[in-house]
Amino acid sequence: MDALVRERQEAFLLSLGPLVKKQGVKEALTEVGLRVAGAVAPLDFEVVDSDVPRSVSASNGMVWVTTGLIKRCANEAQLAAVLAHEVAHVTQRFEQLPHLRALRVACRRPLAPALLPDGGAAPIDLNRAVRQGAEAVVAFGHPKEEADADEAALLALAGAGYDPAAYEVLLEALGDKGHDGSRFQGRARRRIELLSATRAEKKLSGGKTPALSKSLRF
Ligand SMILES: [Zn+2]
């Protein structure tokens, strides 16, 4: 990853709060991310010290979650749902910004299929892609993109052996705050309804709701 790009995207994300540097925290979050996403590169998971329950992602694969949101997760399946939703946003950006498709090529292992939009990866110059990616810390929030990311997260959750209903339970607990920021006020109900309908339609049930690892208890 281009150092300058990383710095700029980090500066944006750090406006949420400082990173939690306590030993074992990043590793524990990455482990959950790996379970649900199937791959690490180009993803980079971090915990941000903030009581505001939020999760964000950037085009270079950074997926950051606040301590405030992790505190609201009753189990690992709920946190995995949040991470899967953000990873789905990252891959949406690959698709919407063609020059970012190269980042997908950079994955050493394939991401979970549920989290990837359809379409092939064009062999584009990676350096150019990441440089342009620095301009593309897109604030997502369109209802269609949220619905797509929610559905992808649901499928990834089930695919990883977690209880797919965990995501709805978390959204219910968060209420109108949503986990992506205040602009989703009032939409939480609709999102929960969509998730529940998809779960019924695809007959997704069962799965685990393991406790959060000790490192992720704040
Ligand atoms: Zn979102």
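Quick notes on this structure:
- Of all residues in the range 12-42, those satisfying the criterion of being at pLDDT below 85 and under 17 Å from the mean Cα position of the chain (by Cα) are 12, 13, 14, 16, 39, 40, 41, 42.
- The residues in the range 200-218 that are assigned to a helix (DSSP H, G or I), touching a residue at least 12 places away in the same chain (Cβ under 8 Å) and of a type in the set (Gly, Ala, Ser) can be counted, and the count is 1.
- Verdict on residue 33 being within 16 Å of the ligand (Cβ to nearest atom), of a type outside the set (A, V, I, L, M, F, W, C), touching a Pro at 6+ places or on another chain (Cβ under 6 Å) and over 21 Å from residue 175 (Cα atoms): no
- Among the residues listed as 32, 65, the single one being buried (at least 24 other Cβ atoms within 10 Å of the Cβ) and closer than 20 Å to residue 18 by Cβ: 65
- Scan of the range 143-161 for residues that are of a type in the set (Gly, Ala, Ser), within 13 Å of the ligand (Cβ to nearest atom) and surrounded by 20 or more Cβ atoms within 10 Å (Cβ to Cβ), ordered by number: 149, 152, 153
- Meets criteria (surrounded by fewer than 17 Cβ atoms within 10 Å (Cβ to Cβ) and either at pLDDT below 75 or not in a loop (DSSP other than H, G, I, E, B) (or both)) for residue 46: no
Yes/no matrix, rows are residues, columns are (1) at pLDDT 55 or above; (2) at negative phi; (3) of a type in the set (Ser, Thr, Tyr):
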position: 61; (1), (2), (3): yes, no, no
position: 79; (1), (2), (3): yes, yes, no
position: 86; (1), (2), (3): yes, yes, no
position: 113; (1), (2), (3): yes, yes, no
position: 119; (1), (2), (3): no, no, no
position: 138; (1), (2), (3): no, yes, no
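- Enumeration of residues in the range 54-71 that are more than 13 Å from the ligand (Cβ to nearest atom), touching a Ser or Thr at 6+ places or on another chain (Cβ under 7 Å) and either free of Cβ contacts under 8 Å to residues at least 12 places away in the same chain or not in a strand (DSSP E or B) (or both): 67, 68
The values are calculated or read from the model by the stated rules, or taken from the named source; none is laboratory data. Note that the structure is predicted; figures quoted are calculated from it, not measured. Neighbour counts run over all protein chains shown; Cβ positions are idealised from the backbone, glycine included.
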